[in-house]
Every structure is written in C-alpha cells, then in structure tokens.
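As structure tokens, the structure follows; a few thoughts come after it.
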Amino acid sequence: MTNAPEPSLRERALGAYLGLAVGDALGATVEFLTPSEIRHQYGELRDIVGGGWLRLRAGQVTDDTQMSLALGAAILESGGWDLKNIAEHWLAWLKSKPIDVGNTCRRGLQRFASDGSLESPFSDGDAGNGALMRVLPAILFAFRDADRLDRCVIEQAHVTHNHPLSDAATLCFAHMLADLLAGGHWRDNLAKLRAHAKALVAAHRQFRFDPYPGRATGYVVDTVQTVLHAFFATDSFESCLVATVNCGGDADTTGAIAGMLAGAHFGVAAIPARWLKRLDGAVLREVERQAPALLALQGA
C-alpha cells in the first residue's frame, strides 16, 4: 500500500460499491455456518463458489446488494433525495419475491405498504444490521455535506430500523466512508478510521472489538465488531474479506460491509479479478452505472 498511488474518488466509490457486491456473493456461501464448520467444508473460503443455505449460483448476490441497488436507483430516478420514492423502490423489491429478506426489513416495508409511514416506531428488537448493509448509495450521494449525510443515513435507516445502536453503527460507517471518499494518504485515512471506531466504542461500549468477541450474528454490534476486527487486522482488500467471511454467521452482510469499507480504502484496483469475473453480470453493470452517477448528482 505504501508504494501504490492513492485511489481517485471514482476508484474509491466504485471500489466500495463493487466491494459490497463481491463481499455479499463471497460470504453468502457460508452464511449461518460456524468457523469450524467452514474449515471442515472449505478449509478457508477464498473464492466465490455459490451454494450455501440459499443454494446460490456462483456470483449471485442477496438482499444486501439488492437493497443497495434499489436505494441507488431511487436516488438517481428522483435526481436527489426522496424518501417516499426510496421506500417505494424497496417495496417493489420486496414484492418481487427476493431470495432472502431480513425480518425487520420485511416488517418495516409491510408497514409502509399498509399506512404509508416512512419511519418505524422504536423497537428494542430492531438493532439488526439491515440499515447499515444498504447505506452506501446514500453516502455516495451525500458525503460532501455532513448535515445532509447524517439526515439521509438516518432517514433511510428508520424506514425499517429505528434503534440507537443501529443508528450509531450506520452513522459511524457513513463517516468512515465519507472520509475515505474525500481522499488523502492511506496512513492518514487509517488513523481517521481508527478515530471513528474509537469514538463509537467510547459512546457505546457494546461495540468494543479488541479483543474480538467472536460473534458474527445479524445483531449490529456483532456485525460491526466482526468487520472492524478484520479490517484493522489485515492489510489488503482480499485478506480483509477472507478474514471477515470465514467468521461465519451473517457472512453475506459482514462480507458486504467489510467490502464497502475496504473497497473505499484500497480502491477498485485492489478487488481480485477472479471475484469480479464471478460476480453476476447484471449486478456488475448496474453498480458501474450507479457509482459515478451518484457522485455526479452532487457535482463530484
């Protein structure tokens, strides 16, 4: 990393978005498995091979990428931020009978379909990772304006997830991604990312990830601990994602979130070509369309 040129804004944005998709496709194979079960079946999972409990084709993505693409499409269709249009795109996605839907996302979108409300009431059971997994298009759209970024991030979250731990995690990663998209030397950026992680843990001790507690469930605290542990313990895009998904659990989502963070940090050139070749072609093309278009909406 020390001798590599710093990625451009567009390389970071595309790296984050493609990183999300390949992390999703890689991790879905071992979703709900334990690390020991992964070792028994795969040794160490390093390639996009499909299968898993969803019986996916190699390169097929799940709700993490699909909800992100729906969010991005809604922003581009509106030419800006229109929360009702975003919720309508997510509802259309839900009605398409996707291969996988989180319970909290399903419940929130069914509420929107029923009464048109754009904010879920607070629920102590809504501290899942669904708001965080899909947030990237909002960040690409709003990262240059801190107030707009925070508003967009929380508004999209609360359509389905209204919980302070979900809010804190999603905002933390939004600020991390915003700093990476703003550019800078990799060493300085790494220091900024550590500062964001430290601030999150200081505000909510539940997120402490060092030493790593070893849980990778859909609970947003476990998700964040898994991703941050892997990211700070590795030194490349590939090693970060391999370390993340081999923790098992909610591996498609931890893989997706690690992918967007590492992709923004290392840039699109760091994503292994063998993973991109495996990624569903329609997803690849739509990500390549959306990433620069979202940046263009704010004149980036």
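Where a number appears in this text, it was derived from the coordinates with a stated rule and is not lab data. Values in this document were obtained by computation on a predicted structure and should not be read as measured data. Cβ atoms come from the backbone with ideal geometry, glycine included; neighbour counts cover every protein chain shown.
Residues in the stretch 140-166 that are of a type in the set (A, V, I, L, M, F, W, C) and part of a loop (DSSP other than H, G, I, E, B): PHE143, VAL159. In the stretch 249-284, the qualifying residues are those that are within 16 Å of GLU44 (Cβ to Cβ) and more than 16 Å from the chain's Cα centre (by Cα), and the one that is surrounded by the fewest Cβ atoms within 10 Å (Cβ to Cβ) is ARG274. Listed by position, the helices (runs of 4 or more DSSP H) enclosed by the stretch 213-277 that each have at least 1 residues that are of a type in the set (Ser, Thr, Tyr) and free of Cβ contacts under 8 Å to residues at least 24 places away in the same chain are 237-245. Looking across the stretch 40-61, just one residue is in contact (Cβ under 8 Å) with a residue 12 or more places away in the chain and in a helix (DSSP H, G or I), and that is TYR42. Of all residues in the stretch 1-31, those satisfying the criterion of being among the small types (Gly, Ala, Ser) and in a helix (DSSP H, G or I) are ALA13, GLY15, ALA16, GLY19, ALA21, GLY23, ALA25, GLY27, ALA28.
As for the stretch 220-229, it holds at least one residue that is in contact with a strand residue (DSSP E or B) (Cβ under 9 Å, 6 or more places away or on another chain) and not small (Gly, Ala, Ser).
Is it the case that some residue within the stretch 122-130 is surrounded by 18 or more Cβ atoms within 10 Å (Cβ to Cβ), part of a helix (DSSP H, G or I) and of a type in the set (Asp, Glu)? Scanning the stretch 122-130, I find no residue that is surrounded by 18 or more Cβ atoms within 10 Å (Cβ to Cβ), part of a helix (DSSP H, G or I) and of a type in the set (Asp, Glu), so the answer is no. Filtered by the rule that a residue be under 19 Å from the mean Cα position of the chain (by Cα) and assigned to a loop (DSSP other than H, G, I, E, B), the stretch 96-121 gives PRO98, ILE99, ASP100, VAL101, GLY102. Only one of the numbered conditions (1) among the charged types (D, E, K, R); (2) outside any helix (DSSP H, G or I); (3) closer than 27 Å to SER239 by Cα is not met by ASP64, and that is (2). Listed by first and then second residue, the pairs with beta-carbon distance under 6 Å, at least 6 apart or on different chains, first residue in the stretch 160-185 and over 15 Å from THR223 (Cα atoms), second of a type in the set (Asp, Glu) and assigned to a helix (DSSP H, G or I), form an empty list.
Of all residues in the stretch 6-32, those that are within 18 Å of VAL245 (Cβ to Cβ) and either of a type in the set (Gly, Ala, Ser) or surrounded by fewer than 23 Cβ atoms within 10 Å (Cβ to Cβ) (or both) total 9.
The listed residues are THR160, THR226, and the only one of them that is among the polar types (S, T, N, Q), surrounded by 22 or more Cβ atoms within 10 Å (Cβ to Cβ), farther than 15 Å from ALA262 by Cα and in contact with a helix residue (DSSP H, G or I) (Cβ under 7 Å, 6 or more places away or on another chain) turns out to be THR160. Return the residues of the stretch 75-87 that are assigned to a helix (DSSP H, G or I) and touching a Phe, Trp or Tyr at 6+ places or on another chain (Cβ under 8 Å); say none if nothing qualifies. Hits for the stretch 75-87 are ILE75, ALA87.
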